[in-house]
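Engineer: Would you mind keeping the following structure in view while I ask a few things?
The values are calculated or read from the model by the stated rules, or taken from the named source; none is laboratory data. Because the structure is predicted, anything quoted here is derived from the model rather than measured. Heads up, the Cβs are rebuilt from the backbone with ideal geometry, glycines too, and the neighbour counts pull from every protein chain shown.
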Amino acid sequence: MFKRMCWLVVTVWVSMLLLLGFDRVVGLVGRVPEETAVTAAPYAVIVNEWSQGHGGNQEWVELLVVQGPADLRGWDLGDNSPGDLIFSQDLFWQAVPTGTLLLIYNGSDPDEILPADDQNMDDCLVVIPHNHAQFFTDTSSWPAFANATATDNPYLRDEADNIIHNFSADPGSSLHPNAQQNAAYLGTTAVGVSEVANWQNDTADQATPGQGNGSSNAAWINQLCPNAAETADLAVSKLAPVQIEAGGILTYELQIQNVGMLTAEDVILTDSLPLGVTYLQDGSGYPVNQPHPGVLMWQMGQLSANDGHQFVLTTTVSHTVAGTLENVITATTSTTETNLSNNRDTALTIVQNSSETAVLLDAVLYNGRANNDDDEAVALRNVGAASVDLTHWRLNDKALPASLVVAPGETIWLTKNAAAFTRQFGFAPDGELVSWPRLSNTGGEVLLTNHEGQVVDVLVYENGDTSTAGWSGTAVFRLRGFGADGQILYRMRDQQTGFIMPDTHTAADWAQASADVINGRKLRYPGWDLDTYFFTAKMTETAVITVAIAPDNAYEAVVDQIDSAQHIIQGETLTFENAAIADALVRASQRGVSVTLLMEGGPAAGVTDQEHYLCQQLIDAGGVCAFMINDSAQNVFDRYDYLHAKFLLIDGQRVMIGSQNLSPNSMPSDDKQDGTWGRRGVILITDAAQVVAHVQSVFDHDYDDAHPDIILGVSHLPPLPPGFVPITVTGGTTYTVRYPEPAAFSGVFPFEIVQSPENSLRNVDGLLGLVAQADEGDVVLVQQLYERPFWGSNPVDDPNPRLEAYIDAARRGARVRILLDAYFNNAADAHSNTVTCAYVKAIAWQENLKLECALANPTGLGIHNKMVLVQIDGQGFVHVGSINGSESSSKANREVALQLQSNEAYDLLADVFDHDWPYCAYLPTVLHNVVGPANHILISEVQYNPPGEDAGEFVELVNPTPRRIDMSGFSLGDAVSQDNFEDVVRFPQGTVLPPRHTLVIATSAAAFYAEFNQFPDFEILETETAVPNLIDDPAWGDPATFFQLGNTGDEVILRDGQDQVIDVVTYGVGDYPGVTACPLVTTVGAVLERFPYWQDTNNCTLDFREWPFPNPGQLAEP
């Protein structure tokens, strides 16, 4: 299926004739010529979703073109009277393709849920404001739909005023959304819009513009889009009651359907039950496996196109459960799917517990930062479905403020002193207690009692009394190794929903729980906004990505961006010591650009005189230097251990995110023609609007003068020494620049922004979630300043989850290489990179994993990079930012990283990684002419004498380089020249071999499968329809024969599309100029295997070994 950008809202659908199997539209891209536009009919275009917005006049309408191409010129979108919003005569509207989603919104008051504007129809997505004069004739006003008037709904009319879709009639005014609500169509046919049961009202924040409404509607839209590919496409849905009582029966309705065009093989349906829910039975007809507690798995085998299953799952809910239960269902298949958005569904159920109130203790600050602990505070959360009046409730023995009401889902903060709380948290509390219960710093109990004096929730912390009624097990302890003052204990959140976990009255409910390395062991301090940034930010956008590499070209890329700024520059950096970059910022400020830098006020080496001086120059030019400081004597506490993020925002339109500080060693400014000297790192620059907006929100949150830790200027610093002269000479000549220019790539990119301290340790997405997808045949490349071997005393009790994720990827079969800095490394430190590599290498040796670790200093002043590259099924992903491999980096610092999918960016940075890797050769070896890895595709394994029939022959190719290689038109054969009576076959167009991957070519796929229980990538003879054939080239050899290897000797020759020889292997009597042949294998069935797989000397006796265990598709490494 085509990849749909997240947000576009008007949808255009394939005609009903197409759905019935008539002429398929092939290759329809962009607009269709005028003469092909069809005459509009009722429901040719439908209202698929519309919303009153989050407030004000933030309305929008999503249209879906069901029968296209549709000529929308002169059409009218409005209410029950015509003439509201008229589509212009612009050719843009002349032939809107079937399956296009059109999102039209009030441009005067855009809803916060909406994406950036998009006028490109190629992906079946369009987003346009109503006041865009090119597309609409009267842009003065939006056709407002009254919240309280049930008959005031969208009408869509064609140019002749024929009604195409009238929401008031289909489905009817009963579905009219009220204020801050939406109406969404869940159906899968145009005529289904008339059925009330096919529609749903929900709150405006649950709207899904541009994504389809539920799995079935989304799948229908994907099928209609002319860009849809012929693949399998599993869609799942799960329904649950909205509310049940604790201790009762909870039934789920599960449905799985293959809405694609190909059969889905090896289908597995997995249901992850929430805590407190137990399986009873199901009606699927398939055996259910439970590989882990709470995980149900049905192996359903084959699912044909349009086939599906629906059944009921019956469970019980524990008497102790209260709050919202989230149940997640997922479907997988071994058949390729390009649309995975409908493979997962979530059902939410509110559990009412008559034995407990719905209000819980959500957070406790018992050891405040203010004088006399005046900022001590407790947060209460209502997890129920009704508001709760807290009048006469008590916290320990102290009364809560009168008439305090907490709404469903709301969290309120109560404190000892409102002024002290506001100073530390940056916002006012919801209530101040007249008399505050004493919360001991060394431990105690927090009891919440209702108006009847009943205990409704309890927290026991540190050395508190664990026998307190309502509590079970050990107490909750703060996270050791970090400052005790200000640490907030808070309830654990579910990664998928952000909801608090069901209450079990134990320490396991709290985010400081030590048993859970990922969801537990958390930190929280006043001034953090965990709820806002709990999820990573994900977006798919049309954008330009520029990859700048330090020290080669990063300085030049950064200064180019600064020099291009017209209005405003804002950014965060640990340090600011690069005089040349400071000059560029001064120039920007002098030409009227607003320049603001926010820096760490207490870096490890302190604020240097160099930074002080450069800040003063910027201030004198009209710019702002601000610091996040810690001054406990003044009751000022910085929010993060270190402000360590490294980003610059340019004009609110571009953002630079990377691993480098604004320092001379990170980005030397010298002339690079004779080389340079600096620290390896990467900076990503993009104009992706949603990425820019999110990073802007992070800056605005950090640079908030409501927090006393922000100080402007340099007056707090010691005075500069008299006559101080800044350092202006940077770089050197020792490192030869390999990447003189930044590389820019354009396209549609999936982005994800990962940040600390809020969300960098999520393992359902983010970096850990990405690495968790890597398995057999995939690649993980890690280049870091450091990666700690453990986050405490040892890797068993205190593992580093990042490092363990890389090791686990190797255990699943991925090739993992970890490259750490040697320049700053202190081998004697128990947490050094030396110790990390020793730990990794020991595991690799013990478990025989494709797992490597090395130290290097490729550019003279160390590796400062924080980069992870992952290649999954040939798709390259890049993670670059400021996050190091320490516990503080993930839990206590401000960090920002950008993660994206781009094969081009991956290939470039994999090349950087590969060149930086220390391929070691000792001097005696060097003198014997040992060469490094080949820079071209190699023949890596040859089976010319299989046991049994010769149809079992195969040849394996490998790409030992760090870049993808297009093999379209490449040839493989044994014909030395065109007039040889032997054969040559060619690879079809579109054949691409990713880095360090293999291609296996078998004579017969059927015979190959019989031997190895797997299919090859290509076959010579047509024996299996699922395996593509190589194409015989009649210009070479004898067209009457086929590519077959001789048992007494032969040549295996790989050529490119221009018939230039790439690699040759000869054996026995085989002969080719300049190539030394291998002797024949001594055992029938043995293969010639290149060992190691990347070595090529054109001498088969040196490059290959006789190997009795054929292993096609597996790389041979020492």
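Engineer: Do we have any residue at all in region 559-566 that's part of a loop (DSSP other than H, G, I, E, B), out of contact with any helix residue (DSSP H, G or I) (no Cβ under 8 Å at 6 or more places or on another chain) and either crowded, with 17+ Cβ neighbours inside 10 Å or small (Gly, Ala, Ser) (or both)?
Structural biologist: Start the filter on region 559-566 by keeping residues that are part of a loop (DSSP other than H, G, I, E, B), which leaves 565-566.
Remaining after also requiring out of contact with any helix residue (DSSP H, G or I) (no Cβ under 8 Å at 6 or more places or on another chain): 566.
Narrowing the set further to residues that are either crowded, with 17+ Cβ neighbours inside 10 Å or small (Gly, Ala, Ser) (or both) leaves none.
Checked region 559-566: no residue is part of a loop (DSSP other than H, G, I, E, B), out of contact with any helix residue (DSSP H, G or I) (no Cβ under 8 Å at 6 or more places or on another chain) and either crowded, with 17+ Cβ neighbours inside 10 Å or small (Gly, Ala, Ser) (or both).
Engineer: On to the next question. Kindly evaluate Val840 against the criterion of being surrounded by 20 or more Cβ atoms within 10 Å (Cβ to Cβ) and assigned to a strand (DSSP E or B). Can you show your working first?
Structural biologist: Numbers: surrounded by 20 or more Cβ atoms within 10 Å (Cβ to Cβ): yes; assigned to a strand (DSSP E or B): no.
Criteria not met by Val840.
Engineer: Might you check whether a residue that is in a loop (DSSP other than H, G, I, E, B) and in contact with a helix residue (DSSP H, G or I) (Cβ under 6 Å, 6 or more places away or on another chain) occurs anywhere in region 970-982? Walk me through how you get there before you give the answer.
Structural biologist: Filtering region 970-982 for residues in a loop (DSSP other than H, G, I, E, B) gives 970, 974-982.
Those left that are additionally in contact with a helix residue (DSSP H, G or I) (Cβ under 6 Å, 6 or more places away or on another chain): none.
Within region 970-982 (the criterion being in a loop (DSSP other than H, G, I, E, B) and in contact with a helix residue (DSSP H, G or I) (Cβ under 6 Å, 6 or more places away or on another chain)), the answer is no, since none of the residues qualifies.
Engineer: Now, a different point. Here are some residues: Asp202, Asp152. Which one is among the charged types (D, E, K, R), surrounded by 14 or more Cβ atoms within 10 Å (Cβ to Cβ) and within 30 Å of Ala235 (Cα to Cα)?
Structural biologist: Values: Asp152 fails: within 30 Å of Ala235 (Cα to Cα).
That would be Asp202, the only listed residue that is among the charged types (D, E, K, R), surrounded by 14 or more Cβ atoms within 10 Å (Cβ to Cβ) and within 30 Å of Ala235 (Cα to Cα).
Engineer: Pairs only if they're at least six apart or on different chains, beta carbon under 7 angstrom, first in region 1020-1039 and not assigned by TED's automatic domain parsing to the domain that holds Ala1005, second among the acidic types (Asp, Glu) and exposed (fewer than 13 other Cβ atoms within 10 Å of the Cβ); list them, first residue then second.
Structural biologist: Hits for this filter: zero, empty list.
Engineer: Also, I was wondering about something else. Quickly run through region 771-823 and pick out the residues that are in contact (Cβ under 8 Å) with a residue 60 or more places away in the chain, surrounded by 23 or more Cβ atoms within 10 Å (Cβ to Cβ) and under 19 Å from Asn519 (Cα atoms).
Structural biologist: Val771, Trp791, Asn800, Arg802, Leu803, listed by residue number.
Engineer: Identify the single condition in (1) at negative phi; (2) out of contact with any Leu (no Cβ under 9 Å at 6 or more places or on another chain); (3) part of a loop (DSSP other than H, G, I, E, B) that Arg762 does not satisfy, given that it satisfies every other one.
Structural biologist: (2)
Engineer: Answer yes or no: is there a residue in region 564-578 that is small (Gly, Ala, Ser), in contact with a Phe, Trp or Tyr (Cβ under 9 Å, 6 or more places away or on another chain), closer than 28 Å to Leu909 by Cα and modelled with pLDDT of 95 or more. Steps first, please.
Structural biologist: Taking region 564-578 and keeping what is small (Gly, Ala, Ser), we get 564-565, 571.
This time we only want the ones that are in contact with a Phe, Trp or Tyr (Cβ under 9 Å, 6 or more places away or on another chain), so: 571.
Retained after the next criterion (residues that are closer than 28 Å to Leu909 by Cα): 571.
Remaining after also requiring modelled with pLDDT of 95 or more: 571.
Yes, the conditions are met somewhere in region 564-578.
Engineer: A follow-up question, please. Please work out if His701 is in contact (Cβ under 8 Å) with a residue 24 or more places away in the chain, in a loop (DSSP other than H, G, I, E, B) and closer than 30 Å to Val636 by Cα.
Structural biologist: Working: in contact (Cβ under 8 Å) with a residue 24 or more places away in the chain: yes; in a loop (DSSP other than H, G, I, E, B): no; closer than 30 Å to Val636 by Cα: yes.
For His701, the condition - in contact (Cβ under 8 Å) with a residue 24 or more places away in the chain, in a loop (DSSP other than H, G, I, E, B) and closer than 30 Å to Val636 by Cα - is not met.
Engineer: Could you please let me know if Asn106 is farther than 20 Å from Asn217 by Cα, touching an Asp or Glu at 6+ places or on another chain (Cβ under 7 Å) and touching a residue at least 12 places away in the same chain (Cβ under 8 Å)?
Structural biologist: Details: farther than 20 Å from Asn217 by Cα: yes; touching an Asp or Glu at 6+ places or on another chain (Cβ under 7 Å): yes; touching a residue at least 12 places away in the same chain (Cβ under 8 Å): yes.
For Asn106, the condition - farther than 20 Å from Asn217 by Cα, touching an Asp or Glu at 6+ places or on another chain (Cβ under 7 Å) and touching a residue at least 12 places away in the same chain (Cβ under 8 Å) - is met.
Engineer: Can you name every one of the strands (runs of 3 or more DSSP E) wholly within region 995-1073 that holds 1 or more residues which are polar (S, T, N, Q)?
Structural biologist: Working: elements: 998-1004, 1018-1021, 1049-1055, 1061-1068.
Those strands (runs of 3 or more DSSP E) span 998-1004, 1061-1068.
Engineer: On to the next question. Restricting to region 984-993, give me the number of residues that are assigned to a loop (DSSP other than H, G, I, E, B) and buried (at least 23 other Cβ atoms within 10 Å of the Cβ). It would help to see each step written out before you state the result.
Structural biologist: Of all residues in region 984-993, those assigned to a loop (DSSP other than H, G, I, E, B) come to 987-991.
Subsequent filtering for residues that are buried (at least 23 other Cβ atoms within 10 Å of the Cβ) retains 987.
Total meeting the criteria: 1.
Engineer: Might you check whether a residue that is in contact with a strand residue (DSSP E or B) (Cβ under 7 Å, 6 or more places away or on another chain), within 19 Å of Gly874 (Cα to Cα) and not in a loop (DSSP other than H, G, I, E, B) occurs anywhere in region 784-801?
Structural biologist: Checking region 784-801: not a single residue is in contact with a strand residue (DSSP E or B) (Cβ under 7 Å, 6 or more places away or on another chain), within 19 Å of Gly874 (Cα to Cα) and not in a loop (DSSP other than H, G, I, E, B).
Engineer: Looking at (1) under 28 Å from Pro551 (Cα atoms); (2) modelled with pLDDT of 95 or more, which one does Ile629 not meet, given that it meets all the others?
Structural biologist: (1)
Engineer: Let me ask something additional. Can you tell which of Asp552, Asp531 is part of a loop (DSSP other than H, G, I, E, B) and either among the small types (Gly, Ala, Ser) or farther than 30 Å from Asp375 by Cα (or both)?
Structural biologist: Numbers: Asp531 fails: either among the small types (Gly, Ala, Ser) or farther than 30 Å from Asp375 by Cα (or both).
So the residue among Asp552, Asp531 that is part of a loop (DSSP other than H, G, I, E, B) and either among the small types (Gly, Ala, Ser) or farther than 30 Å from Asp375 by Cα (or both) is Asp552.
Engineer: Ala584: hydrophobic (A, V, I, L, M, F, W, C), out of contact with any Leu (no Cβ under 9 Å at 6 or more places or on another chain) and outside the structural domain of Val912 (by TED's automatic domain parsing), yes or no? If you could, list the steps in order and put the result at the bottom.
Structural biologist: Values: hydrophobic (A, V, I, L, M, F, W, C): yes; out of contact with any Leu (no Cβ under 9 Å at 6 or more places or on another chain): yes; outside the structural domain of Val912 (by TED's automatic domain parsing): yes.
The answer is yes for Ala584.
Engineer: Please verify whether Ile128 is in a strand (DSSP E or B), in the same structural domain as Leu63 (by TED's automatic domain parsing), free of Cβ contacts under 8 Å to residues at least 60 places away in the same chain and under 25 Å from Ala218 (Cα atoms), treating the condition exactly as stated.
Structural biologist: Considered against the rule, which asks whether it is in a strand (DSSP E or B), in the same structural domain as Leu63 (by TED's automatic domain parsing), free of Cβ contacts under 8 Å to residues at least 60 places away in the same chain and under 25 Å from Ala218 (Cα atoms), Ile128 comes out as yes.
Engineer: Still on this structure, I have one more. Out of (1) at pLDDT 90 or above; (2) within 31 Å of the chain's Cα centre (by Cα); (3) over 30 Å from Phe1015 (Cβ atoms), the odd one out for Val359 is which?
Structural biologist: (2)
Engineer: List pairs: first in region 680-693 and in contact (Cβ under 8 Å) with a residue 40 or more places away in the chain and hydroxyl-bearing (Ser, Thr, Tyr), second surrounded by fewer than 24 Cβ atoms within 10 Å (Cβ to Cβ) and assigned to a helix (DSSP H, G or I), Cβ under 8 Å, 6+ apart or cross-chain?
Structural biologist: That search, which allows pairs on different chains as well, returns Thr686/Val692.
Engineer: Pick out the one residue from Ser318, Ser334, Ser284 that is in contact with a His (Cβ under 7 Å, 6 or more places away or on another chain) and of a type in the set (S, T, N, Q).
Structural biologist: Details: Ser318 fails: in contact with a His (Cβ under 7 Å, 6 or more places away or on another chain); Ser334 fails: in contact with a His (Cβ under 7 Å, 6 or more places away or on another chain).
Result: Ser284 is the single residue among Ser318, Ser334, Ser284 that is in contact with a His (Cβ under 7 Å, 6 or more places away or on another chain) and of a type in the set (S, T, N, Q).
Engineer: In region 166-211, which residues are part of a helix (DSSP H, G or I), of a type in the set (D, E, K, R) and within 29 Å of Lys538 (Cα to Cα)?
Structural biologist: Asp205 - this is the single residue of region 166-211 that is part of a helix (DSSP H, G or I), of a type in the set (D, E, K, R) and within 29 Å of Lys538 (Cα to Cα).
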